[in-house]
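The block underneath contains the structure these notes are about, expressed in structure tokens.
None of the figures in this text is laboratory data; all of them are computed from the coordinates on show. The structure displayed is predicted, hence computed values, not measured ones. Virtual Cβ from ideal backbone geometry, glycine too; neighbours counted across all protein chains shown.
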Amino acid sequence: MPDAALLETRGLKRHFAVRGLLNRRIGTLRALDGVDLAVEAGEVLGIVGESGCGKSTLGKTIMGIHQPTEGEVRFAGVRVAAPGHPRPKSLRARLQYVYQDPGASLDPSWTLRRSMHEPLVIHTDLSRGQREERIREIIAAVGLPVTHLDLYPHEISGGQQRRIGLARILCLGPRLVILDEPTSGLDVSVQAAVLALFRELRERFGLTYLFISHDLAVVRSMCDRVAVMYLGRVVEIAPAAELFAAPRHPYTRALLAAAPRIGGPRVTENFTLQGEPPDPSEIPAGCRFRGRCPLAAPVCAEEPALDFTGPHGAACWRWREAARLPSAASSS
Amino acid sequence: MAEILAVRDLALGFHTETGQARVLDGVNLTVRPGEIVGLVGESGCGKTTLAGAILGTLPKSITWVSHGSVSLAGADMLAGNGAEEVRGRAVTFIPQDPFASFNPLFRIGTQVMDLMRWKSPRRRPGRRFYSLARRRADRDAVIAMLEAVQLPQPARLLQKYPHELSGGQRQRVMIALALLPEPRLVIADEPTTALDVTVQAQILGVLRRLAVERGVAVLFTTHDLGAAWEICDRIVVMYAGQTAEIAPREEFFTAPRHPYTRLLLRSLPEEGRHPVGIPGNVPSPLAPPPACRFHPRCPRATGICRSQRPVLGGASGHLYACHHPEEGLLDA
Ligand SMILES: Nc1ncnc2c1ncn2[C@@H]1O[C@H](COP(=O)(O)OP(=O)(O)OP(=O)(O)O)[C@@H](O)[C@H]1O
Ligand SMILES: Nc1ncnc2c1ncn2[C@@H]1O[C@H](COP(=O)(O)OP(=O)(O)OP(=O)(O)O)[C@@H](O)[C@H]1O
Ligand code: SF4
Ligand code: SF4
Ligand SMILES: [Mg+2]
Ligand SMILES: [Mg+2]
């Protein structure tokens, strides 16, 4: 692993108890089940995968919202999370988690100015004047007029609320921002503007992003590298251009084949992947994708680890055979 | 062939506490038998309202219609007489949120059979009695249809409660329910918006295959242009309650004439291009701009766009409502 990594996870796991009658533990849900990642400063790493595969749990465990069940998280070379490890207080401002709709967390009875001041009051000891100065700078950076600070949330549009939500996070001066589904529910015209804003803010403030999304087109246009998750694990990771041009893992290939490509053939006519991801409280033994994989073979009874050539890794015993198959998602 | 659905110059709105919401303002749209027509447009442009107008399900006490007509299988859906018998038989509906349309307290099977009692194609108009023979025939039809939408073990599925199904499974049941009365038109309101891409590909595949095989027409509303590409034969674009453009699928994506359609397509994320979106916001239906409602955001707008409503014109199946239509292919 390069020592330039700003963020690293090692064997990171987060399990949840499944409880039955009388709150008795009847099983374990392995939401995050052994993830090794390294994110370099300034990079945008995309995390993709279907609903329930553990993307948000990964983000929240890194952020400290969940304690790891096993493994550790390191930030700038320092261990910041591990089972029973107290979280350093200074970390809070430097690592930020942005929920799907950051505008939704605004207090409706507060002016936007008050909502903007609040995190600075909690996390810094800036004077009122210094806070106001910083807020004005950030508000301009997210493209809102300073006069908006006197308004209430219901007086601005949904898109503007998202901008305010982002501004609140940025004024703490984070280095790494975890964006969890930041464009879901947005129309394409608004989405384009929000993505442009993320790019601009990254340049301006030197940010590193962990970009969680299930929209492959957005991830492709936004990220330097992409990790594909399936049932709590990273099954493939590669530079974005390479992952989309030459996917290796059968699951990644199915995922890419399923996304409509305007101008290409109708994928619905030859899309073959059946079924839905199994329940993470009953993960199959061996390769997790085994039950749905067209290439499954006896060797797959054992769980494969990420197998790298250069920066491109796939957790599949048969990725070389898979990569040779013609793909429905041939690049247009 | 004669249209199964024809909406002509429809203008309608709602009485609200803050004034008149003029939601639809001159909508034109036709669907021919066996055809899949996509109705695309951004959030709030009036897609669900139009679906409600066609189905005759808008709240009567607050809705006003100032202009136009909706004719479905020969019945005037705005008049009320005849509409009741058409609804649920000649036309059925697949809602945006399938969870909300099931009663959580009853098994799927109970709810399906309840529907069949009234909407089965084997029911003779006016008959209230549900004979055992018809019940058996209906149940066989239900099982066969659940198999057709690729739900495994349909008999067991009928014993389940709604919360025991995944989102994709619920949506498949909704498709099956919509097709069971053997309608001539199905209105699907964003049927895959909440689903993952692999599940979306499965569902769109099922819907398209069944529509083609059974000659059912589909009106498919969506704000996802990729999904529209996947499934539609023809596409209708609406902006702020006005029909902007109608074109066959290929032509829509390669050579659109309306400035709004072009800006929408250029907002799609794509590799190596950083779209900027469409400046400005969608207008409120309480205070819509006069004449062409797109003029405040349109780069081609001139005086006439602000004073005179462009009429829907054009040639052989490609229609657009614009004073200054664009020429040539959409640049890649
Ligand atoms: N606090 C929790 N308690 C119990 N189970 C949880 C908890 N949080 C998440 N899970 C479960 O862990 C699994 C992974 O959830 P997670 O939210 O990480 O998925 P995701 O990839 O973010 O999905 P989505 O795309 O739907 O947001 C799911 O099965 C979820 O139900
Ligand atoms: N009952 C109502 N009373 C007042 N306004 C309404 C009512 N129903 C809808 N509207 C308004 O009509 C406009 C169109 O709403 P509609 O739900 O038809 O849009 P849509 O295109 O389906 O949007 P989405 O993509 O978000 O589902 C919106 O501005 C909405 O606020
Ligand atoms: S390891 Fe085997 S089952 Fe798993 S993805 Fe590879 S081929 Fe398929
Ligand atoms: S009529 Fe005028 S304002 Fe409307 S889309 Fe055409 S050019 Fe633009
Ligand atoms: Mg999530
Ligand atoms: Mg709608």
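Ratio of alpha-carbon Rg to the 2.2 N^0.38 Å globular estimate for segment B:238-320, to two decimals, please. Walk me through the numbers on the way to the answer.
On the way: Rg = 13.6 Å, N = 83, 2.2 N^0.38 = 11.8 Å.
Ratio of Rg to 2.2 N^0.38 Å for segment B:238-320: 1.15.
Mind pulling the angle between the C-alpha long axis of helix A:112-123 and the longest principal axis of chain A? Nearest 10 degrees, somewhere in 0 to 90.
Result, in degrees: 80.
Test of understanding: ordering B:65, B:86, A:177 by Cβ neighbours within 10 Å, fewest first, what list do you get?
Details: B:65 15, B:86 20, A:177 24.
Arranged by neighbour count, lowest to highest, B:65, B:86, A:177 become B:65, B:86, A:177.
Count the DSSP beta bridges whose two residues both fall in the protein assembly as shown, then state the antiparallel fraction as a percent rounded to the nearest 5. Don't skip to the end; give the middle numbers.
Details: 62 of 98 bridges.
Approximately 65 percent, going by the DSSP bridge assignments.
Read phi for every residue in segment B:265-277 and hand back ³J(HN,Hα) as whole Hz from Karplus 6.51 cos²θ - 1.76 cosθ + 1.60, θ = phi - 60°, with x for Gly and Pro.
5, 6, 7, 5, x, 8, 4, x, 9, 10, x, 9, x
Evaluated at 25 °C with a viscosity of 0.890 mPa s, what Stokes-Einstein diffusion coefficient in µm²/s does segment A:226-332 have when Rh comes from the Kirkwood expression over alpha-carbon pairs?
Values: Rh = 14.3 Å.
Stokes-Einstein gives a translational diffusion coefficient of 171 µm²/s.
What aspartates and glutamates could a cross-link reach from residue B:47, if we take a straight Cα to Cα line under 16 Å and drop same-chain neighbours fewer than 8 places away?
Filter leaves A:187, B:9, B:25, B:97, B:189, B:190, B:224, B:245.
Report, as an integer, the average count of C-beta atoms from other chains found within 10 Å of each Cβ along B:311-323. Walk me through the intermediate numbers first.
Working: counts 0, 0, 0, 0, 0, 0, 0, 0, 0, 0, 0, 0, 0.
Neighbouring Cβ atoms belonging to other protein chains average 0 per residue here.
In whole angstrom, how long is each semi-axis of the equivalent ellipsoid of the protein assembly as shown, when you take the square root of 5 times every eigenvalue of its Cα gyration tensor and sort them from largest down? Intermediate results must be reported in sequence, preceding the final value.
Values: eigenvalues 351, 232, 119 Å².
Over the Cα atoms of the protein assembly as shown, the semi-axes work out to 42, 34, 24 Å.
Using a cut-off of 12 Å between alpha-carbon atoms, which aspartates and glutamates can reach residue A:55, once sequence neighbours fewer than 8 places away in the same chain are excluded?
Partners within reach: A:33, A:180, A:181.
Angle, helix B:167-179 long axis vs. longest principal axis of chain B, Cα atoms, 0 to 90°, nearest 10?
The answer is roughly 80 degrees.
Looking only at chain A, where both bridge partners belong to it, what percent of the DSSP beta bridges are antiparallel (to the nearest 5)? Each step should come with its number before you reach the end.
On the way: 31 of 48 bridges.
Bridges in chain A that DSSP calls antiparallel: roughly 65 percent.
Would you kindly state the longest site-free stretch of chain B, with sites defined as GluC sites (Glu not before Pro) in a DSSP loop (not H, G, I, E, B) surrounded by at most 12 other Cβ atoms within 10 Å?
The answer is B:18-270.
Explain nothing, just the number: relative contact order of segment B:5-232, from Cα pairs under 8 Å at least 6 residues apart, as a whole percent.
Details: 379 pairs, mean separation 62.6, N = 228.
Over segment B:5-232, the number comes to 27 percent.
What is the set of long-range amide H partners of residue A:18 at a cut-off below 5 Å, with H atoms built 1.01 Å from backbone N?
A:26, A:27, A:28, A:29
Among the lysines, which fall within straight-line cross-link reach of residue A:89, defined as a Cα-Cα distance under 23 Å, with same-chain neighbours fewer than 8 residues apart omitted?
A:13, A:60
How far is helix B:197-214 tilted off the main Cα axis of chain B, in degrees rounded to 10, range 0 to 90?
The two axes meet at around 80 degrees.
Give the order of B:120, B:131 when sorted by the count of other beta carbons within 10 angstrom, beginning with the fewest. Intermediate values should be presented prior to the final figure.
Working: B:120 20, B:131 11.
Going from least to most buried by this count: B:131, B:120.
Give me the compactness ratio for chain B, meaning the Cα radius of gyration over 2.2 N^0.38 Å. Could the numbers behind the result be given before it?
Working: Rg = 20.9 Å, N = 332, 2.2 N^0.38 = 20.0 Å.
Ratio of Cα Rg to 2.2 N^0.38 Å: 1.04.
Sort A:125, B:140 so the one with the fewest other Cβ atoms within 10 Å of its own Cβ comes first.
On the way: A:125 7, B:140 10.
Going from least to most buried by this count: A:125, B:140.
Could you pull out the pairs from B:60/B:119; B:119/B:160; B:60/B:160 whose alpha carbons sit more than 27 Å apart here?
Details: B:60/B:119 23 Å; B:119/B:160 22 Å; B:60/B:160 35 Å.
Over 27 Å Cα-Cα: B:60/B:160.
Which residues make up the longest stretch of chain A that has no GluC sites (Glu not before Pro) in a DSSP loop with at most 15 other Cβ atoms within 10 Å?
Numbers: sites that count: A:282, A:302.
It runs A:1-281.
Using θ = phi - 60° and the Karplus form 6.51 cos²θ - 1.76 cosθ + 1.60, what ³J(HN,Hα) does each residue of segment B:47-64 get, whole Hz, x for Gly and Pro?
4, 5, 4, 5, 4, x, 5, 5, 7, x, 10, 5, x, 4, 5, 10, 8, 10
Quick test of your reading: applying the under-4.7 Å Cβ rule, which cysteines of chain A are isolated?
If one checks each Cβ against the other cysteines of chain A, A:53, A:171, A:223, A:293, A:316 turn up with nothing under 4.7 Å.
Using the Karplus equation 6.51 cos²θ - 1.76 cosθ + 1.60 (θ = phi - 60°), what ³J(HN,Hα) coupling, rounded to whole Hz, does each residue of segment A:126-143 give in order, writing x for Gly and Pro?
Result, rounded to whole Hz: 6, 6, 4, x, 5, 4, 4, 5, 4, 4, 4, 5, 5, 4, 5, 5, 8, x.
Which residues make up the longest stretch of chain A clear of trypsin sites (Lys or Arg not before Pro) that lie in a DSSP loop with no more than 10 other Cβ atoms within 10 Å, not counting the sites? Please list the in-between numbers first.
Details: sites that count: A:24, A:89.
The reported range is A:90-332.
With +1 on each Lys and Arg Cβ and -1 on each Asp and Glu Cβ, and nothing else charged, work out how big the dipole of segment B:5-232 is about its Cα centre, in Debye to the nearest 20. Intermediate values should be presented prior to the final figure.
Values: 27 positive and 21 negative charges, 267 e Å.
Around 1280 debye, computed over segment B:5-232.
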